[in-house]
Amino acid sequence: MARESYNDLVYELGDLAREHLAEAKNPPRTMENVFAAEDHVLAIRQEIEAIEAELNEADAQHQDFLAQQEAEQDEQNAIIKKWRAAVAGVEVRSRDLKKKLSSLKAAFRYQKVSLKRQEERHRDLELREGHDPKKIALSKENLKKARLHIMREQRHVEELEWEFNQVLTPRPGQPGAQGILAHKRILEMEDEAEEKEFEHKERMKEIDAALAAKDEELKAAEEELDGCIFDLGEECYSERIAHPQLNALYPRLDKAG
């Protein structure tokens, strides 16, 4: 018969002690450490549940947005169909502008994310390299250039948006104005969908990263709990704390040890 593992038996003893001695009048000294470790594990699990709920809520909101868009698209397309001739006059020009605008906005979104990360890196640098004024100054100058670039790109977006709106703003009393405005709304909705999709993906990345970090934290907390249970088992064994559920393990531990 294979010899029993001392460590496994000590852990089993600690686990039994946690179950049967927690309410004892004079529990083992290390029991408090087990309680604290359990509370820590529970707190992290609750944080994980909250993050998972946030993830589900964000996904549900995005699905609601898509459903609302689909319903509105049906309404607007019905209007466009009714005024097809009027829409045909602005469709090619507006689609070309929309394509340019979408490309510009997509680049602008990524530039804003890049700027945010650059700002975070600069804050970290100020903390880590506060002793090096030249390095801080260079980072600050690069950050200033990035912000100016963002401002210029934002003006480009605004200028193209103005041109887009001019093309799709009917003259007072213009025949088929309803169709042109419906076509404009469809293009705006496409833009909104692109923006929302980008925001949704970025939010999912943030939540996934938070979950991954919490999973690592939980793993460490569970290992700490296991260590506390092991310490409890060792205390019980060293002091031969008497209890019907524990007593049978002591002879087995003597042999394993």
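For (1) under 30 Å from LEU225 (Cα atoms); (2) surrounded by 13 or more Cβ atoms within 10 Å (Cβ to Cβ); (3) among the aliphatic types (A, V, I, L, M), each residue gets a yes or a no:
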{"site": "ASN26", "(1), (2), (3)": "yes, no, no"}
{"site": "MET31", "(1), (2), (3)": "yes, yes, yes"}
{"site": "ILE44", "(1), (2), (3)": "yes, yes, yes"}
{"site": "ILE51", "(1), (2), (3)": "yes, yes, yes"}
{"site": "ALA58", "(1), (2), (3)": "no, yes, yes"}
{"site": "PHE65", "(1), (2), (3)": "no, yes, no"}
{"site": "GLN73", "(1), (2), (3)": "no, yes, no"}
{"site": "ALA86", "(1), (2), (3)": "no, yes, yes"}
{"site": "VAL92", "(1), (2), (3)": "no, no, yes"}
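Restricting the search to helices (runs of 4 or more DSSP H) fully inside segment 142-257 and requiring at least 1 residues that are over 21 Å from GLY14 (Cα atoms) gives 177-239. Taking the listed residues ALA71, ALA53, ALA106, the one that is among the hydrophobic types (A, V, I, L, M, F, W, C) and at pLDDT below 90 is ALA106, with no other qualifying. Within segment 212-235, residues that are touching a residue at least 40 places away in the same chain (Cβ under 8 Å) have Cβ atoms under 6 Å from residues that are aromatic (Phe, Trp, Tyr) in these pairs: PHE230/TYR11; GLY233/TYR11, counting only partners at least 6 apart in sequence or on another chain.
Of the residues ILE150, ILE136, the single one that is surrounded by 14 or more Cβ atoms within 10 Å (Cβ to Cβ) and farther than 27 Å from HIS200 by Cβ is ILE136.
Given the structure, is LEU66 in contact with a helix residue (DSSP H, G or I) (Cβ under 6 Å, 6 or more places away or on another chain) and assigned to a helix (DSSP H, G or I)?
Considered against the rule, which asks whether it is in contact with a helix residue (DSSP H, G or I) (Cβ under 6 Å, 6 or more places away or on another chain) and assigned to a helix (DSSP H, G or I), LEU66 comes out as no.
Criterion applied to VAL41, VAL87 was being over 19 Å from the mean Cα position of the chain (by Cα), among the aliphatic types (A, V, I, L, M), closer than 30 Å to ALA221 by Cα and part of a helix (DSSP H, G or I), and the one residue passing it is VAL41.
The values are calculated or read from the model by the stated rules, or taken from the named source; none is laboratory data. These numbers come from a predicted model, not from an experiment. Glycine gets a Cβ as well: all are built from the backbone with ideal geometry, and neighbour counts include every protein chain shown.
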